[in-house]
Amino acid sequence: LEVDITPKALVGELTVACVRVAAGKGGMSNARVVVKPLATPAPWPGPGGHTTAGAGAQAEGGAGSQLRPAGPGGPPGLETFAWTQPGAPGAAASAGAEVGAEGLAVGSIAPGESREVRLLFKGQSPGDHAADICLEYAGAPGAADEGRSHVLVRRVHLTCDSALALSAALAPLASAPPGAGLWQGLGATLVVTVECTAPPDATLELLAVKAEPFKPGAILLQGQRGGEADDDGGGGGGLLATALGDLTRPHIALSGPPAPPLLATEPVPLGRGDSFQVRWPVVAHGSGEHNTAGTLSVHWRRKPKRGARSAAASNGDAGDVAGIAQCTVVPLPALSVRPCPLGLDVQIPPEGAVGVRTRLTAAVENTSPMIQEVSFSFTDNEAFLFAGFKQCAVRLPPGGRHAMEYQLLPIATGYVQLPPLRVVARTLDGGPNVELVDSSEPRRIFVLPPQSARTGPSPAIG
């Protein structure tokens, strides 16, 4: 059992380990390569580390040959992935599925023959990491050790240097009211800074920076129609509970593209000490606090040295990992959203029918101690016509309430989008606009065909 691995890498960077398995004069049966990451560096078992199990088993390799796999005391420092061959000549290889406890099957090897297995290691933190690569096999049929289990162990070490330092912050707009946290319904800016901390001899290429705000938990709205089977095993098409986002929980939503944009075809080079900043416009929703606003993923790679890729290709070596895109994932900062001083409630039936009028009501209540000016705007779409004010503004004193009513006429069937309703409030002293978000409004409803076109009775609304 021979293992060849580059002893140094960057945190989050994939490193190739070439594992060569050679059978002796008796051959091997059911050979398998198993990787056991170690929580802390352990004594090297020696080049002859070899244990045998079964009748008359004995331990070889002397002191230090006992494995010390990662336990509850600390997570392993290395992740292991299967090697995926490139699909075209000269293309970079990629990481396949993570190698689990069952390892990778090698199969049977005839006497004197050899097999090669390639693994990809990824260090999760700076410092020295170690793993034991174990070859588990049984004696081949007809050999003196037929059926006996054997284990060969080789320990590999990988030293990882820091690659990137990531920071993210949620900054309220300058026009927002003073105080900590974000204001419900107001815009803010997500600022992400990527700094290269790699050694001076390594140049990185930044491919993409992606912010993924978490999606709030689900609430259940009754009365929507779908095609899934009923709970009692009956056919679909009945009423079911549909899961929608619970907009009352604190969360942010991206309201525009990042600036500046990043294109994978034009990566940004980063040397040690260089930094790159990306900004997203966001809007805060819900109210309360959460320990994170989501996740941030940064895609990067080590810039290949001049001539390294062509040399690897000319040698028939697919092991050029410098072109493999790496991905570093970290949580977004904690989120604190202050509730809006106004409440919005939108009411609409869960379904309608083409040509039959239905009613949408939007009510706003001022729970703040100040007079609020509330603007309503409503437009039709390809699924509905409506009657009512397209735009309207009212002033609400503290404790005041105002309801707007719209008559909707469905003109298309299916699970259709409601016409867009926008409600914006601001104080009379020139305060910022606050967009109100309703958590009870179904954004879509089912519209049935006209009564004359139906072949049976309309299903009951539960």
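The range 122-138 and the range 400-426 have Cα centres separated by 59 Å. In plain terms, the C-alpha convex hull of the range 326-393 casts an average shadow of 9.5 nm² when viewed from every direction.
Under Stokes-Einstein, with the Kirkwood radius over Cα pairs standing in for Rh, what whole-number D in µm²/s applies to the range 99-190 at 20 °C and 1.002 mPa s?
Numbers: Rh = 19.2 Å.
Translational D for this selection: 111 µm²/s.
If you keep only loop residues by DSSP, which GluC sites (Glu not before Pro) in the range 108-147 have at most 12 other Cβ atoms within 10 Å of their Cβ?
Listed in order of number, the matching sites are E113.
Principal semi-axes of the equivalent ellipsoid, √(5λ) from the alpha carbon gyration tensor of the range 351-428, are 29, 11, 9 Å from largest down. When you filter the trypsin sites (Lys or Arg not before Pro) in the range 366-422 for DSSP loop state and at most 15 other Cβ atoms inside 10 Å of their Cβ, you are left with K390.
Each value in this text was obtained by applying a stated rule to the coordinates, not by laboratory testing. Values in this document were obtained by computation on a predicted structure and should not be read as measured data. Because the Cβ atoms are built from the backbone with ideal geometry, glycine has one as well, and the counts that use them run over all protein chains shown.
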